[in-house]
Structure formats: C-alpha cells, structure tokens
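Here's the structure we're looking at; comments come further down.
The values are calculated or read from the model by the stated rules, or taken from the named source; none is laboratory data. Please read these numbers as outputs of a predicted model, since none were measured by experiment. Ideal geometry is used to build each Cβ from the backbone, glycine not excepted, and the neighbour counts take in all protein chains shown. Keep in mind that these areas ignore ligands, DNA and RNA; they rest on the heavy atoms of the full protein, side chains included. Shrake-Rupley method; radii C 1.70, N 1.55, O 1.52, S 1.80 Å.
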Amino acid sequence: MPTHTVRTAPAVHTVHPGPLGDLLLTGSVSPEGRVTLASLSLPGQRGAPAVRAEDRDDRPFAEAHRQLDAYFAGRRTRFDLPLSPAGSPFQRTVWQALDTVPYGTTTTYGELAARLGVPRSEIRAVGRALGANPLLLIRPCHRVVGADGTLRGYAGGVERKRWLLTHEGALQPTLL
C-alpha cells in the first residue's frame with residue numbers, strides 16, 4: 001500500500017533591526033515564495049523560538065520588513081500580512097480580538113474578556129492567552145492594560161510596552 005507524505009512548507013526566519021532591538025520573524029514559505037508569519041519576537045523575550053542560522057532567508061520577508069519599517073516610521077497603524085500562529089482555539093480567538101483594538105488606544109483585560117464573552121472569573125485565561133501571543137506588535141497585545149491603567153506584563157518587557165504605547169500615541173512621553 002503506498003504511503004502519502006504530507007509536505008510541510010520549510011520554516012525560515014529573518015531578523016528585522018528596529019528601535020526595540022533585532023526582531024526575530026519566523027514563518028513558512030509557500031512554493032510561490034510567499035511567507036506566512038508564525039512569530040515575531042523581541043530580543044530576550046521568554047518563549048521566543050529557537051532558530052538555526054542556516055534557515056535564515058530574508059527574501060520572503062520583504063513585505064513584513066516594509067510594513068515594520070512603515071510602522072516604526074509612524075506611517076502604518078495596522079499590519080496586513082498572512083499569519084499562521086500556533087495556539088489553541090481559545091488563544092487564537094483572543095489573538096484575533098486584538099486586531100479590533102485600534103492604534104493609539106488601549107483596552108483592559110476585563111474589557112477584552114467581556115467582548116469575547118469570557119466570564120469575569122476567567123479573565124486570567126485571557127491574560128495567559130495574551131502572554132502566549134507569538135506575534136508581538138503584529139497582534140497588538142501591548143495595547144491591553146490593567147483595569148487601573150497600569151502597564152501589566154508583556155512578553156517583550158514592560159519598558160518595551162511603554163515604548164510601543166508612547167510611539168502609538170496612547171501614552172504621553174515622560175520627561176526625564
């Protein structure tokens with residue numbers, strides 16, 4: 001009996017230099033050479049994927065580089081890239097809800113949970129799903145703050161969360 005093998009797209013990565021450090025982007029490439037983004041992580045981020053130097057290929061990420069450059073230059077407020085993050089159905093639902101939080105604004109964990117129909121007693125599950133978001137910046141979990149407006153945990157670090165919210169105009173810059 002013949003066996004059928006499932007061919008998976010090769011995993012590749014690139015590095016995007018930016019004001020938050022070198023961002024690591026991973027994804028898989030279609031036969032047509034288009035990348036589907038699986039993760040975007042910040043330097044030192046917990047849970048960032050391990051990559052092999054020989055799997056680096058910058059070419060398929062050209063559009064992601066272009067959109068990230070535009071975001072950091074203040075010319076882009078949303079990303080339009082094919083995504084394929086790995087996660088549970090609940091996590092993917094939470095991550096998709098992040099797409100509805102507009103640039104330059106914030107929402108709270110409780111507001112996001114209510115929008116998803118998650119009971120107040122399960123708000124921490126929303127927080128855990130946000131903490132597992134593999135697509136930082138692209139899926140803007142940095143826009144979720146505590147009920148009192150404080151900057152709660154962020155996989156890339158609270159200082160980077162503050163920088164992103166200031167960059168987007170949701171926080172006022174602080175004077176030193």
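Is it the case, given these coordinates, that Arg124 is without any contact (Cβ under 8 Å) to a residue 12 or more places away in the chain, within 23 Å of Gln45 (Cβ to Cβ) and open to solvent by 40 Å² or more (accessible area, probe 1.4 Å)? Explain how you work it out, then say what you get.
Details: without any contact (Cβ under 8 Å) to a residue 12 or more places away in the chain: yes; within 23 Å of Gln45 (Cβ to Cβ): yes; open to solvent by 40 Å² or more (accessible area, probe 1.4 Å): yes.
In short, yes.
Look at region 50-89 and say how many of its residues are of a type in the set (A, V, I, L, M), surrounded by 12 or more Cβ atoms within 10 Å (Cβ to Cβ) and touching a residue at least 12 places away in the same chain (Cβ under 8 Å).
Number satisfying all stated conditions: 5.
Take Gly131 and decide whether it is of a type outside the set (Ser, Thr, Tyr) and either over 20 Å from Leu40 (Cβ atoms) or touching a Phe, Trp or Tyr at 6+ places or on another chain (Cβ under 6 Å) (or both). Give the derivation first.
Working: of a type outside the set (Ser, Thr, Tyr): yes; either over 20 Å from Leu40 (Cβ atoms) or touching a Phe, Trp or Tyr at 6+ places or on another chain (Cβ under 6 Å) (or both): no.
Taking the combined requirement at face value, the residue does not satisfy it.
With the structure loaded, tell me whether Thr106 is surrounded by 16 or more Cβ atoms within 10 Å (Cβ to Cβ), in contact with a helix residue (DSSP H, G or I) (Cβ under 7 Å, 6 or more places away or on another chain) and not hydrophobic (A, V, I, L, M, F, W, C) or whether it fails that test. It would help to see each step written out before you state the result.
Numbers: surrounded by 16 or more Cβ atoms within 10 Å (Cβ to Cβ): yes; in contact with a helix residue (DSSP H, G or I) (Cβ under 7 Å, 6 or more places away or on another chain): yes; not hydrophobic (A, V, I, L, M, F, W, C): yes.
Against the criterion (surrounded by 16 or more Cβ atoms within 10 Å (Cβ to Cβ), in contact with a helix residue (DSSP H, G or I) (Cβ under 7 Å, 6 or more places away or on another chain) and not hydrophobic (A, V, I, L, M, F, W, C)), Thr106 qualifies.
Mind checking whether some residue in region 160-174 is more than 28 Å from Ala70 (Cβ to Cβ) and without any contact (Cβ under 8 Å) to a residue 40 or more places away in the chain? Walk me through it before giving the result.
Kept after step one, since they are more than 28 Å from Ala70 (Cβ to Cβ), are these residues of region 160-174: none.
No, region 160-174 has no match at all.
Filter region 152-171 for residues that are among the small types (Gly, Ala, Ser), surrounded by 17 or more Cβ atoms within 10 Å (Cβ to Cβ) and over 17 Å from Leu42 (Cα atoms) and give the result. Give the derivation first.
Within region 152-171, the first condition is being among the small types (Gly, Ala, Ser), and the residues that meet it are 153, 155-157, 169-170.
After this cut, where a residue has to be surrounded by 17 or more Cβ atoms within 10 Å (Cβ to Cβ) as well, the list is 155-156, 170.
Within region 152-171, just Ala170 meets the criteria.
Could you list, in sequence order, the residues of region 75-102 that are among the aromatic types (Phe, Trp, Tyr) and either assigned to a strand (DSSP E or B) or under 14 Å from the mean Cα position of the chain (by Cα) (or both)? Don't jump to the end; show me each part of the working.
Within region 75-102, the first condition is being among the aromatic types (Phe, Trp, Tyr), and the residues that meet it are 79, 90, 95.
Within region 75-102, Phe79, Trp95 qualify.
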